[in-house]
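Working notes, structure below.
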Amino acid sequence: MKSILENSRFRVFWDFLILVLILVSCLLIPFEIAFEHWVSWSRTVLLHLIDLVFFVDIFLNFITSYRSRGTEVTDLRKTASKYLKTFFAVDLLANLPLDAFFWATPGLER
């Protein structure tokens, strides 16, 4: 498997897509919370698809190159190690579906 270059067209497009999906989530999630009695099936599916894309982003971060002292590092072991040491925990916590915890915890159902 080859490393994805950090400034490749694909990676720039992917990062832009992630930004758009974050903005969509920032609009849809508060709307669903405010109008919980009227949850749309299509919005729920859309939010779960967005969550899936965010998990794909975590995978892509493992294989995306990074810069160290001005040199682009493309070794997959080094990129994975760097990601695990830096932003992996934050990304994973941000992507956990909190509603699944409420479904699984007795007494906390909606």
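The values are calculated or read from the model by the stated rules, or taken from the named source; none is laboratory data. Values in this document were obtained by computation on a predicted structure and should not be read as measured data. No Cβ is skipped: glycine too gets one built from the backbone with ideal geometry, and neighbour counts run over all protein chains shown.
Note on the stretch 77-99: residues that are under 18 Å from the mean Cα position of the chain (by Cα), in a helix (DSSP H, G or I) and among the polar types (S, T, N, Q) total 2. Return the residues of the stretch 45-78 that are touching a strand residue (DSSP E or B) at 6+ places or on another chain (Cβ under 6 Å) and touching a residue at least 60 places away in the same chain (Cβ under 8 Å); say none if nothing qualifies. Correct list: ILE63, THR64, SER65, TYR66. For the stretch 1-44, a tally of residues being at pLDDT 85 or above and either farther than 18 Å from THR79 by Cβ or not hydroxyl-bearing (Ser, Thr, Tyr) (or both) returns 24.
Taking the stretch 32-76 as the range and being surrounded by 13 or more Cβ atoms within 10 Å (Cβ to Cβ), part of a helix (DSSP H, G or I) and over 18 Å from the mean Cα position of the chain (by Cα) as the test, the residues that pass are GLU32, LEU76.
Which one of these does ASP51 not meet: (1) in contact with a helix residue (DSSP H, G or I) (Cβ under 8 Å, 6 or more places away or on another chain); (2) at pLDDT 95 or above? Failing condition for ASP51: (2).
Has the stretch 70-79 got any residue that is closer than 23 Å to LEU96 by Cβ and of a type in the set (A, V, I, L, M)? No, the stretch 70-79 contains no residue that is closer than 23 Å to LEU96 by Cβ and of a type in the set (A, V, I, L, M).
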